[in-house]
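The structure appears below as structure tokens.
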Amino acid sequence: MVRLDITDAGAAGLTAADLPWLEELQGRTVVIKFGGNAMVDPALHRTFAQDVVELWHAGLRPVVVHGGGPQISSMLARLDLEVRFEAGLRVTTPETMDVVRMVLTGSVQRELVGALNAHGPFAVGLSGEDAHTMTAVRRPAWVDGRPVDIGLVGEVVDVDPRTVRTLLDEGRIPVVSPVARGTDGEVYNVNADLAASALAVALEAERLVLLTDVEGLYADWPRSTEVIERLTAGQLDALLPALVSGMLPKMEGCLRAVRAGVRRAQVVDGRVPHALLRGVFAEHGPGTTVVPDPAPVSHRVPDDGPHDATTTNHEAGPRPATEEVGA
């Protein structure tokens, strides 16, 4: 069911060389985290919805996990409640949690579902609470080596993907709010990047695409704006401790996904129109792409005589990240 034509491809910055990905991705699940400026810019919001529907028409199975940070912060300010972040995560008191649920599932999700359904009866909204889709425990956090209390912030420990799979099988586009039930009876605010990563793993997704407000992972921020285009899980793991807080959960989500079976995870600039289509379909997508570590290559001496055969394993792939890129 490939519908994306050359006009759409050209508008997205794709070339004829990229289009073979369409066939390879037929029937595959792609989990997309929607956030950043694209959520508050009406034109980018419409373009994003159009791109998601194009993925559906092209035969993919898109799942959207949305954030809502700017909207939550705005509502907290209106209610004169504190807005505070630690270790890149929102400090969530019980009062803040009430606002998080209200904004994410009652406002942000409704707008996104409406934008997608402007193109047809595609989108269905649900929360991670629904049908116990996501279960979380309280997430610890550290700043400068010391523990900090970030309140009702959850770490996803279990995903039941059956409801999402049912919607996909029915030809729908699930739109998921990153709120999870707790094993202790609490309701937790889950970082949308990490929620998208956990859902991608549970769905055995082909791709994870995280939209953000920067071009990608910078090699030497703030001294340089050079973007690291591609790196392996091992290279990213080496860089992770030195990342600034805003990028930390995004790259942590990418690392978890590719190490658990997702074939490609990307951070793309959601401020650029059609960045989603380019991220999914282009062989060399924009932003930063994380791929699994290469499998060790085994070299065995042929058993062509009475001598003892030996096996040597060599780590294939590029040099360690610390030799190639800065933090």
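Quick look at the numbers
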| read-out | value |
| --- | --- |
| Enumeration of residues in region 180-229 that are part of a strand (DSSP E or B) and either in contact with a helix residue (DSSP H, G or I) (Cβ under 7 Å, 6 or more places away or on another chain) or without any contact (Cβ under 8 Å) to a residue 40 or more places away in the chain (or both) | R181, V187, N189, R207, L208, V209, L210, L211, T212, Y218 |
| Check on R162, free of Cβ contacts under 8 Å to residues at least 24 places away in the same chain and open to solvent by 40 Å² or more (accessible area, probe 1.4 Å) | no |
| Only one of V157, V153, V113, V100 that is within 20 Å of the chain's Cα centre (by Cα), within 29 Å of A58 (Cβ to Cβ) and not aromatic (F, W, Y) | V113 |
| Residue that is under 18 Å from G67 (Cβ atoms) and either part of a helix (DSSP H, G or I) or among the β-branched types (V, I, T) (or both), where the choices are V124, V99, V137 | V99 |
| Qualifying residues in region 140-154 (those that are buried (at least 20 other Cβ atoms within 10 Å of the Cβ) and outside any strand (DSSP E or B)) - the one modelled with the highest pLDDT | L152 |
| Residue that is modelled with pLDDT of 60 or more and assigned to a loop (DSSP other than H, G, I, E, B), where the choices are A295, A327 | A295 |
| Among the candidates T225, T183, residue that is modelled with pLDDT under 95 and closer than 29 Å to S127 by Cα | T183 |
| Residue list for region 259-279, restricted to those being within 12 Å of the chain's Cα centre (by Cα), over 28 Å from V91 (Cα atoms) and either open to solvent by 50 Å² or more (accessible area, probe 1.4 Å) or among the hydrophobic types (A, V, I, L, M, F, W, C) (or both) | V262, L276 |
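The values are calculated or read from the model by the stated rules, or taken from the named source; none is laboratory data. Quick caveat, the model's predicted, so the values are computed rather than measured. No Cβ is skipped: glycine too gets one built from the backbone with ideal geometry, and neighbour counts run over all protein chains shown. We work out accessible area using only protein heavy atoms, side chains counted, and drop any ligands, DNA or RNA first. Shrake-Rupley method; radii C 1.70, N 1.55, O 1.52, S 1.80 Å.
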